[in-house]
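Peer 1: Here it is, the structure in full.
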Amino acid sequence: MRTGRSAGLRARLLLVVGLGLLPVAGLGAYLVQHQWRSATQAAQENALRVARLAVARFEGLARGAEQWLAALGRLPEIRAPGDGCAGHYAQLLADHPSFIDLGVATPDGSVRCSARARERLPEAIHFGEVLAARPFAVGAWRSESDQAEITFAHRLHDARGSPTGIVYATVDLAWLDLFAAEALLPERASLSIVDSDGRILASLPASARPGVAEARGPVPLFAAVLRNRDEGTAEGEDSNGVAHLYAYSPLPVVTRPGSAYVFVAIPADVAYARVSRVLGQIVAGVLIVSFMVLFAVWKGLDLLVLRHVRTLLETARRLAAGDLSARTRIPHDRGEIAQLAHRIDDMAATLQARDVESRRAQEALIRSEERFRRLAENARDIVFRARVHPEWAFEYVSAAAAEVTGYTPEEHYRDPDLLRRMVHPDDRVILERAILRRAFDEPLQLRWIRKDGTVIWTEHSVSPLHDESGRLLAVEGIARDITERRRTEEELRLLQRISAAVGEAEDVDSALAVVLRDACRATGWAMGQAWLPYGEGGALKCSPAWYAGVDGLEAFRAASEVWTVPADSPGMLARAWRSRAPVWVSDVSLDAGFGRRAEAMRAGLRAAMAVPVLAGTDLQAVIEFYLREARPEDHHFARTVSGVAAQLGALIRRKRSEERLLYLAHHDVLTGLPNRALFNDRLRQAMVEAHRHERLVGVAFIDIDRFKTINDSLGHETGDRLLEAVAGRIQGCVREGDTVSRISGDEFALVLADMAHVDDAARVARNILDSFSRPFHVEGHDLYVSASVGITIYPFDDRDVEGLLRNADVAMYRAKELGRNTYQFYAAEMTARARERLALEGALRRALEREEFTLRYQPIVDLRGGRVVGVEALLRWRHPERGMVMPEQFVSIAEETGLIVPLGEWVLRTACAQCREWEAAGLPPLRLGVNISARQFQRPDLADTVARILEETGMPPKRLELELTETLLMQSLEATIAAMQRLSAMGVQLSIDDFGTGYSSLAYLKRLPIDRLKIDRSFVQDIPGDPDDAAIASAIIAIAHKLDLTVVAEGVESGAQLAFLRSHGCDVMQGYYFSEPIEPAEFAHLLATGLPALRPRPARAGPRKVRES
C-alpha cells in the first residue's frame, strides 16, 4: 500500500524531472513562435503581391482604355455621331470584351450616342473638371444592375482645340476573375475592391461578391488604410469575427487619387496551416518524450527508492504507534537507504529494550497508583492535600469532594481562597488553633459550608508536612462527612430520652404526650398533637395527648378535639394515614385540603407536618406538628420525627402487646370470657364482698353434654363456633355483676356474686338449661345440646377458692350421672363418689391392655318360628379387684375419655370372630347385633373400620347388624344419614336401639336407611298391665310395619309380655324369658340343643347390655 508520504516524494521527484524538461518545452515554443512569425510574414507578402498584381492589372487596363479612347476620338463617327451610331459602337465593343459600354457625351454629361442607349453620364461633372486639366479621366465607381463598373473618358475637341465633348468606355470588374485565375489566390483567400467610402465594390470569389450598396467591409481596418493612404499589411477579423491576414494597395486613378483600394484577405488558419501541423508534431513529440521520461522516472523511483521508503515509513509508523517489534528487514548493504534502515532497526531494538524496562517500572508504578487511585477515588471520604503557607489552598482533592462539598476538584484548585471560605466562620478559630499548635493527633470536627449553602459536619484525620526548617507547609489527610452521624447521634439522644419517658408511661396517651413534648422542645416546633384510629378504623379522632410550646393555641386545640378525620379525606392527616409516610405542608393557609385551616390561621399556625406512627405496616397513631411561620420541607426534622414515630410505634405496639398479653393471661382466646386465673380473682373478690356484707356467693360448673361427639364428627371449627354460641347463651342468663368463665374445653364456670338466697343460683341454672332447649344454628347445622350444671355455695360448702371449685366440679359430674340436662347442688357424699369415679377411670385405661374385657351373648328369637335367628354381643369388665363391673358403671367414662373407640373396635372384631368360630363348628349362621356408641359412629373412618374387620374375620356384611341409639341419630342428621348410607351400601344391617326414648321425628325416621326398630325395655316391662306402655308398644309395632321395618322387643321377661307382643305382631324378641347373656360355650350348647330345650325362666332383674349412658 502506497502511503501519502511516498506519493508526496514521488510527486516532488516528478516535479524536478518536469522542471528539467522545461527548456525542451521552451525550445519547442520558440521554434513554434519563429515558424508562426515566418508563416505570418510569408502570407502577408503573398497577399501584398497579389494586391500589387491587381493594381498593376488595373493600371494596364486604364492605359489601354486611354489609348483606345484617344484613337477613337479621332474617328468621324465618334466626333460627329449619326444615325446608327449605337450599332457601330456595339461593333467596336465586340473587339474589346473588357468594356461593356461605349458612347459620346456632351461636356454637361448628356449622352449623344451610346451602345447601351444611355441618356446621361453621371460622371460628366467630374469629367468636366478632370478633362479641363488633362485629356483622360477615370470616373467614379458606380453600380449598374448590381454590377460594379467604372467609366474611362477622353476629351474631344474641335479644330481650334476647344472641348466639344467626351468619348467614354465603361468597364465592369469581370476582369478580376481573370486576374484571380492568373494570380492564383491561396485557398479560401478573397480579393476585394473597396472605395473610399468603405464600400466593397467587388469581391472574389464570386460567391462572396455582394452588391456595392449592401457591402460591408473591415471598417476599422479601412479607417487605418485611409490614414496611411499607401499599401501595406494588417491582421484583423472580418464582419463575421473570423481572423484574417490582410494586404492592401491603392488603385491609381486620373481624377481622384486614393478613391479605391485592392484588398487581399487570407484566413489565419490557412496562413498558419503548415505552422499548426509543425506545432502539432513538435507538441506530440515533446509529450511523448516527456511521458517516456516521466514513466521511466516513475518506475525507477518505485523500484529503486520508493519501495524502500514505504518500508521505512511503515516501520516508522509502527514504531510511532508503539509497536517496538517493527523492523525494516531491508538488507544492510552500502546504500544510503540500507544504512538508514540499519540505523532505524538498531534504534527500534534499543527502544524495545528500554520499553520492556519502562513497562516493568510503569506497571509497578501503575499498580501502586491504581491502588492509591482506587482507594482515593472510590472512597466516600475526601483524600486531600492543602497548602497552609504562604496561604491556604487545596493542592489535591479526590473525586468524593464533588459529592461532599458540591465543588468539583477543578474548582478547589482554581479558587485559592476556597479552603478558608468553606470552613464555617465559627470553626475557623478551631482550625487556626490546631495549625498554630500543630495539634493533629486527634481528629478535627469542623463545619463546612457546601456550594449550595448548606452546612455539613466533617471530621478530619490530618498529617502535617514540614520543610527542612520545620515550618509547616501543608497538611494532607482524609475528610469525612459526619453530618448524618451527628444527626443520628442527636436523634439517638432524643430517642433515648423519649424511650425512657415512654417506657415509664402508664398508657398509650401518656406515651404520646411524652413524644410530643420532647420532639417539640428538641426541634423548636410550636405545637404537637396525636390522633388515633377511631371506630372500625375508618377515621381518626384527636387523642388527649398534645403539647403547646407557646400560648394562644387553646382554641385550635378545642377545634381539633371535636374534629373527625375520615380516611378518604384530602387533608394532611388522612394523606399521612393512607401513604404511611410523612406529609409536609409548607403553609396550611394555602392548602385547600386542610380542614382546620381557618382555626389554624387564627392561632397563627402556618407550617405543619403529619407523621404516621407505625408498627410494621399497622397504623398505631398519627402525630402532627405546627410552626408559626411558613417553611419549606425540612428533611432533617421529618426524618428525626419519623425515627421517633417508628420508635414510638414499636413502643406502642409493645405496650398494646403487653395489654393484650395481660388480657390473654386473664381471658379465653376463643370466647373472650375470663379464664381460670381471672375467674379465681373474681371469685376471691366476690367472697370478700360477701363476707363483708354477709351475702352468699354461688359457684357453678357447666359441662356441655356430648360436646366431644360433635367436635369429632363435625370438626373443630364447628366445635369452636358452638362454644362461642354457648358462651353467648350463658352470658344472657346471668346478671351484670356475675362472672362467666371458660375453664377448659367445653366446661364453663359461674361466679354468682352478692346472692341473698340459694334459690338465686337455682334460678340461674334453670334459665341456662331452658336456653339450651333451643337448637344452636352453627355452620349450617341445627345442633341440639344439653348441659350438666353443678352448684356450690359460699360459705356453706367451703370457704376456699380451690375447695369451691372442686365441689362445683363434683356436683356437675353428679348431674351427668343423673342423666345430664340437669343441675345439682353439692353434697358431701358426692366427693367420695367422685373419687371412686376417678379411680375407675384410671383402671379403665389399663383394662384393654390387660385383656380384662369379655363378651356375653344373648339370643334373639323369632316369635313366628320359635327359633334363634340372631345374637347380641354384650360387654362385661372383669375387674381384678372389683369383680364383674357392669356397663352402666364404665361406659360413660369410656365415652368421655375417648376409650370407647378402641374398646368398641375390640368388641366388633371379637364378636365377628366368635360367630365365624361357631359356624366353623357346624352351628347355624346367625345375625350378629353390636352396639355402636355415638363417639364411634361420628368418626369419619367408621365404615372403613367395619369393612376391614369384616374382611379380617370373614364375616358376611349382611349378617352384621349395627345398633344405633335414637339420640345419636338426631345429632347432625345429614352427616348421620350419609354415614348410614355408606354402611347400608356395604350390606350391613342397621337398627335403632331403645326406640321411643329419644327425640326422633317420624319425618326423619322415614329418611333413615334402617332395617329394624328395637322397642326399649322401659315400654315392655309394665305391659300389659300399664295401658300407656301397651299403647306405645303397639303404636311402635304398627309404625314399623307401615315403614316395612322389622320390630324387636327388648327385655321380655314374662309370658304375658310375650303373649301381648305376639298378639300385636311383634317379629322378634329377646330377654331373660329366653336366656340371660351367657358365655360363648354356653351359647354354643344352646344352639346345639335347639329351641325345644329352651324353657321359660322366672322373671328376674338382670344386667343390661352395652349402650350409651
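The values are calculated or read from the model by the stated rules, or taken from the named source; none is laboratory data. Please read all numbers here as calculations on a predicted model, not as lab measurements. As a convention, Cβ positions derive from the backbone with ideal geometry for all residues, glycine included, and neighbour counts pool all protein chains shown.
Peer 1: Looking only at the range 693-711, how many residues end up being within 55 Å of the chain's Cα centre (by Cα) and either surrounded by fewer than 19 Cβ atoms within 10 Å (Cβ to Cβ) or at positive phi (or both)?
Peer 2: First pass over the range 693-711, keeping only residues within 55 Å of the chain's Cα centre (by Cα): 711.
Retained after the next criterion (residues that are either surrounded by fewer than 19 Cβ atoms within 10 Å (Cβ to Cβ) or at positive phi (or both)): none.
Summing the residues that are within 55 Å of the chain's Cα centre (by Cα) and either surrounded by fewer than 19 Cβ atoms within 10 Å (Cβ to Cβ) or at positive phi (or both) in the range 693-711 gives 0.
Peer 1: Here's something else I'd like to know. I need the full set of residues from the range 628-681 which are in a loop (DSSP other than H, G, I, E, B) and in contact with a Leu (Cβ under 7 Å, 6 or more places away or on another chain), in order please. Even if it seems obvious, please write down each step before you answer.
Peer 2: To start, the set of residues in the range 628-681 that are in a loop (DSSP other than H, G, I, E, B) comprises 628-634, 668-673, 675.
Within the range 628-681, R628, L670, T671 meet the criteria.
Peer 1: Whether any residue in the range 889-901 is farther than 20 Å from G745 by Cβ and surrounded by fewer than 21 Cβ atoms within 10 Å (Cβ to Cβ) is what I want to check.
Peer 2: Of all residues in the range 889-901, those farther than 20 Å from G745 by Cβ come to 889-891.
Right, trim to surrounded by fewer than 21 Cβ atoms within 10 Å (Cβ to Cβ) and you get 889.
Yes; the residues of the range 889-901 include at least one that is farther than 20 Å from G745 by Cβ and surrounded by fewer than 21 Cβ atoms within 10 Å (Cβ to Cβ).
Peer 1: Pick out, from the range 850-945, the helices (runs of 4 or more DSSP H) lying fully within it that include 1 or more residues that are free of Cβ contacts under 8 Å to residues at least 60 places away in the same chain and acidic (D, E).
Peer 2: Working: elements: 887-897, 900-920, 934-937.
Output list reads 900-920.
Peer 1: Please determine whether any residue of the range 843-856 is under 30 Å from A1059 (Cα atoms), of a type in the set (S, T, Y) and modelled with pLDDT of 90 or more.
Peer 2: No, the range 843-856 contains no residue that is under 30 Å from A1059 (Cα atoms), of a type in the set (S, T, Y) and modelled with pLDDT of 90 or more.
Peer 1: Still on this structure: Wholly within the range 948-1023, which helices (runs of 4 or more DSSP H) include no fewer than the required count, namely at least 1 residues that are aromatic (F, W, Y), at pLDDT below 90 and assigned by TED's automatic domain parsing to the domain that holds E905? I'd like the intermediate steps shown before the answer.
Peer 2: On the way: elements: 966-969, 973-985, 1002-1005, 1017-1020.
So the answer is 1002-1005, 1017-1020.
Peer 1: Six or more apart or on different chains, Cβ under 8 Å: which pairs go from a residue in the range 435-452 that's outside the structural domain of A400 (by TED's automatic domain parsing) to one that's outside any loop (DSSP other than H, G, I, E, B)? Could you list them?
Peer 2: none
Results for (1) in a strand (DSSP E or B); (2) under 60 Å from the mean Cα position of the chain (by Cα); (3) modelled with pLDDT under 80; (4) more than 17 Å from R79 (Cα to Cα), shown as yes or no for each residue.
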site	(1), (2), (3), (4)
L92	no, no, no, no
G103	yes, no, no, no
P107	no, no, yes, no
C113	yes, no, no, no
R118	no, no, yes, yes
H126	no, no, yes, yes
R134	no, no, yes, yes
A148	yes, no, yes, yes
A159	no, no, yes, no
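Peer 1: While we're here: Is there any pair linking a residue in the range 576-592 that is in the same structural domain as A607 (by TED's automatic domain parsing) and among the β-branched types (V, I, T) to one that is crowded, with 19+ Cβ neighbours inside 10 Å and in a loop (DSSP other than H, G, I, E, B), with Cβ under 6 Å and at least six apart or on different chains, and which?
Peer 2: Listed by first residue and then by second, the contacts come to V588/F594.
Peer 1: Looking at V550, is it over 21 Å from P582 (Cβ atoms), among the aliphatic types (A, V, I, L, M), surrounded by 14 or more Cβ atoms within 10 Å (Cβ to Cβ) and in the same structural domain as L648 (by TED's automatic domain parsing)?
Peer 2: Values: over 21 Å from P582 (Cβ atoms): yes; among the aliphatic types (A, V, I, L, M): yes; surrounded by 14 or more Cβ atoms within 10 Å (Cβ to Cβ): yes; in the same structural domain as L648 (by TED's automatic domain parsing): yes.
When the stated conditions are applied, V550 passes them.
Peer 1: Could you grab me the full set of residues in the range 1054-1077 that are of a type in the set (D, E, K, R), assigned to a helix (DSSP H, G or I) and crowded, with 18+ Cβ neighbours inside 10 Å? If you could, list the steps in order and put the result at the bottom.
Peer 2: Taking the range 1054-1077 and keeping what is of a type in the set (D, E, K, R), we get 1062, 1067, 1076.
Pick out the ones that are also assigned to a helix (DSSP H, G or I) and you get 1062.
Selection gives nothing.
Peer 1: Does R742 fit the bill of being modelled with pLDDT under 95, surrounded by fewer than 18 Cβ atoms within 10 Å (Cβ to Cβ) and not in a helix (DSSP H, G or I)? Write out each step before concluding.
Peer 2: On the way: modelled with pLDDT under 95: yes; surrounded by fewer than 18 Cβ atoms within 10 Å (Cβ to Cβ): no; not in a helix (DSSP H, G or I): yes.
For R742, the condition - modelled with pLDDT under 95, surrounded by fewer than 18 Cβ atoms within 10 Å (Cβ to Cβ) and not in a helix (DSSP H, G or I) - is not met.
Peer 1: Going by the structure shown, is R837 free of Cβ contacts under 8 Å to residues at least 60 places away in the same chain and touching a helix residue (DSSP H, G or I) at 6+ places or on another chain (Cβ under 7 Å)? Talk me through it step by step, then tell me what you get.
Peer 2: Numbers: free of Cβ contacts under 8 Å to residues at least 60 places away in the same chain: yes; touching a helix residue (DSSP H, G or I) at 6+ places or on another chain (Cβ under 7 Å): yes.
Against the criterion (free of Cβ contacts under 8 Å to residues at least 60 places away in the same chain and touching a helix residue (DSSP H, G or I) at 6+ places or on another chain (Cβ under 7 Å)), R837 qualifies.
Peer 1: Only one of A526, A621 is among the small types (G, A, S), in contact with a Phe, Trp or Tyr (Cβ under 6 Å, 6 or more places away or on another chain) and within 28 Å of A500 (Cβ to Cβ). Can you tell me which?
Peer 2: On the way: A621 fails: in contact with a Phe, Trp or Tyr (Cβ under 6 Å, 6 or more places away or on another chain).
Residue meeting the stated conditions: A526.
Peer 1: Quick one: E432 ticks every box in (1) of a type outside the set (S, T, N, Q); (2) touching a strand residue (DSSP E or B) at 6+ places or on another chain (Cβ under 9 Å); (3) under 21 Å from L473 (Cα atoms) bar one, so which box is it?
Peer 2: For E432, the exception is condition (2).
Peer 1: If T233 satisfies every condition in (1) of a type outside the set (D, E, K, R); (2) modelled with pLDDT under 60; (3) in contact with a strand residue (DSSP E or B) (Cβ under 9 Å, 6 or more places away or on another chain) but one, which is the exception?
Peer 2: (2)
Peer 1: Can you tell me which of (1) out of contact with any Lys or Arg (no Cβ under 6 Å at 6 or more places or on another chain); (2) of a type in the set (F, W, Y); (3) surrounded by fewer than 18 Cβ atoms within 10 Å (Cβ to Cβ) is the one Y396 doesn't meet?
Peer 2: The number of the failed condition is (1).
Peer 1: So R578 clears everything in (1) surrounded by fewer than 22 Cβ atoms within 10 Å (Cβ to Cβ); (2) of a type outside the set (G, A, S); (3) in contact with a helix residue (DSSP H, G or I) (Cβ under 9 Å, 6 or more places away or on another chain) except one condition, right? Which one?
Peer 2: (3)
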